[in-house]
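Read the figures in this text as sums done on the coordinates, not as results from a lab. Please read these numbers as outputs of a predicted model, since none were measured by experiment. Neighbour counts run over all protein chains shown; Cβ positions are idealised from the backbone, glycine included.
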Amino acid sequence: MHTIIHPLIPRTRSQATDLVSSDAFRQPNYDCQEHPDTMKLVVYVPGVDAAGVEIEARGSDLTVTAKKAHVVRVNWQSLHLETAQRDYQLRLRLGSGFDYTAMQAEIHQGVLSVTLPKRLPVAAGGPAALRRVAA
């Protein structure tokens, strides 16, 4: 006798919504350069202008979402261009050592440059205060 075992998939969510959410964005190429007082993040997002860029800092995570201007052509035909025209999303866990409120960003010809200044160390006993743990 054959037994059919169905996978445990919740009936409240459809698989189509899972595919849309995971495939809606693609990760862009990026480069990080650390300097003594800042970190420079360069994100390559061709086809995106300044109005389509959203940068969000939540805790120690930085999320860059870049949306292209989607133009529907008059002679539109489906050529599987939907995957090539996906928007970009980059999620990075940078840590709490940066001052996200002083972040600066600029975009020029599809190259987004984000400058994150580092936080100053807390001066508990001087700039390089050491904590004595054993005598």
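Given points 7 Å out from each Cα along the Cα-Cβ axis, report the Thr101 to His70 separation in nanometres with one decimal.
3.6
Hey, fewest Cβ within 10 Å first, where do Val45, Val53 land in order? Please report the intermediate quantities before stating the final value.
Working: Val45 24, Val53 19.
Arranged by neighbour count, lowest to highest, Val45, Val53 become Val53, Val45.
Relative to the present Cα-Cα distance, how much length would full extension add between Leu92 and Asp31 at 0.36 nm per residue of separation? Walk me through the numbers on the way to the answer.
Details: separation 61, 0.36 × 61 = 21.96 nm, distance 1.16 nm.
Length gained, Leu92 through Asp31: 20.8 nm.
Please compute the length gained on full extension between Met39 and Thr63, using 0.36 nm multiplied by the number of residues separating them and subtracting their Cα-Cα distance. Intermediate values should be presented prior to the final figure.
Details: separation 24, 0.36 × 24 = 8.64 nm, distance 1.54 nm.
Computed gain between Met39 and Thr63 is 7.1 nm.
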